[in-house]
Amino acid sequence: MQVFGSGKMPDIAEAKRKKISPSSLAQMKLDGVKIVCLTAYDSLMASLYGGLVDVMLVGDSMGMVRHGFATTHHVDIDMMELHVASCARAKGTALLVGDLPFGSIELGPEQAITNAVRLIRAGADAVKIEGGIKRQDVIQAVVNAGIPVMGHVGLEPQHILMTQSFRSVGKNDGEVQSVVADALAVENAGAFAVVVEAVRLDLSTQLEAAVKIPTIGIGAGPLCDGQILVAEDMLGFFEGNPKFVRRYAELGHLVQEAVTRYADDVRSGAFPSEKESYQ
């Protein structure tokens with residue numbers, strides 16, 4: 001039986017790729033191979049590029065991108081679990097990482113382990129925990145529970161209530177030393193990689209020299225071992241982007257144009273035609 005609107009997306013080059021694991025990223029760093037990462041929030045998007053990227057991050061950014069919230073604070077573990085499960089059904093060869101959102105780890109290691117297990121059971125291959133020294137015990141506990149952890153230092157969106165700004169980090173020696181210390185804490189806690197967000201080039205250089213685990217940059221310059229962007233940003237769904245985004249398409253305009261043509265055809269009676277009707 002055909003299910004309308006459920007066409008299978010083409011598997012582009014996926015058959016030639018092996019499943020990516022945390023150890024794969026470590027080997028890529030050793031080999032000097034850049035790590036390609038994108039966000040994904042549902043099975044539709046995951047099915048389009050799960051075989052083309054190394055890491056898909058189901059980020060709490062989906063609260064802003066897909067749900068229209070002003071910050072990520074409205075995203076809870078229930079929402080994350082739902083979106084991780086959707087992506088997991090079409091993740092292809094990519095390493096699927098699920099964000100532990102604001103409020104899911106603040107009570108300590110026991111809460112973090114409980115919620116990390118939920119995302120793993122939903123289909124994630126690893127979880128991401130935001131924060132450095134202050135989250136070292138949490139990261140270590142989750143790793144000791146057998147769950148791979150990706151860290152996140154630099155700009156920390158979950159702490160926006162404290163910083164009141166999404167500005168870049170590394171403007172003074174204090175900030176530089178703090179971020180480097182955070183990255184080392186994440187590494188020492190057992191994380192397999194760390195996202196570095198919105199840091200200045202000189203700080204990025206120091207981080208690369210300081211840590212041995214792969215660094216995944218977002219607004220952190222070209223020296224990082226890999227790069228990640230919000231897929232909807234690089235695909236051009238929104239007007240305006242942060243400085244660090246390069247737009248590779250203008251899908252927002254394409255969608256609007258297609259819907260405009262569809263609406264015109266419906267209103268004029270041109271759609272559906274006899275060809276598109278059952279006889």
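Numerical summary
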item	result
Derived scalar couplings ³J(HN,Hα) [region 30-36; Karplus, 6.51 cos²θ - 1.76 cosθ + 1.60; whole Hz; x for Gly, Pro]	4, 7, x, 9, 5, 9, 9
Total formal charge among the other residues, if their Cβ is under 11 angstrom from that of residue 227, Lys/Arg +1 and Asp/Glu -1	0
Long-range lysine pairs (8 or more apart or interchain), the chain, Cα under 23 Å	28
³J(HN,Hα) computed for each position of region 136-142 - Karplus, 6.51 cos²θ - 1.76 cosθ + 1.60, integer Hz, glycine/proline x	4, 5, 5, 4, 4, 5, 5
Estimated FRET transfer efficiency when R0 is 41 angstrom, pair residue 223-residue 271 (beta carbons, to 0.05)	0.20
Listed peptides 107-115, 38-46, 137-145 by packing density, highest first (mean Cβ within 10 Å)	38-46, 137-145, 107-115
Kirkwood Rh, angstrom, the chain [1 / mean 1/r, Cα pairs]	19.8
Rounded to 5, percent antiparallel among DSSP beta bridges of the chain	5
Among beta bridges that DSSP assigns inside region 124-279, antiparallel share in %, nearest 5	5
Sites residue 241 and residue 19, calculated FRET efficiency, Cβ-Cβ separation with R0 45 Å, nearest 0.05	0.90
Ordering of 223-234, 250-261, 23-34, 88-99 by packing [mean C-beta count within 10 Å, highest first]	88-99, 223-234, 23-34, 250-261
FRET efficiency, 1/(1 + (r/R0)^6) with R0 45 Å, evaluated for residue 257 and residue 201 via beta carbons	0.75
Local electrostatic count at residue 115 - Lys and Arg +1, Asp and Glu -1, tallied over other residues with Cβ under 15 Å	-4
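Only the coordinates and a few stated rules stand behind these numbers; no lab work does. The structure presented is a predicted model; accordingly, all values stated were derived computationally and were not measured. Quick reminder, even Gly has a Cβ in these numbers, built from the backbone with ideal geometry, and neighbours come from all protein chains shown.
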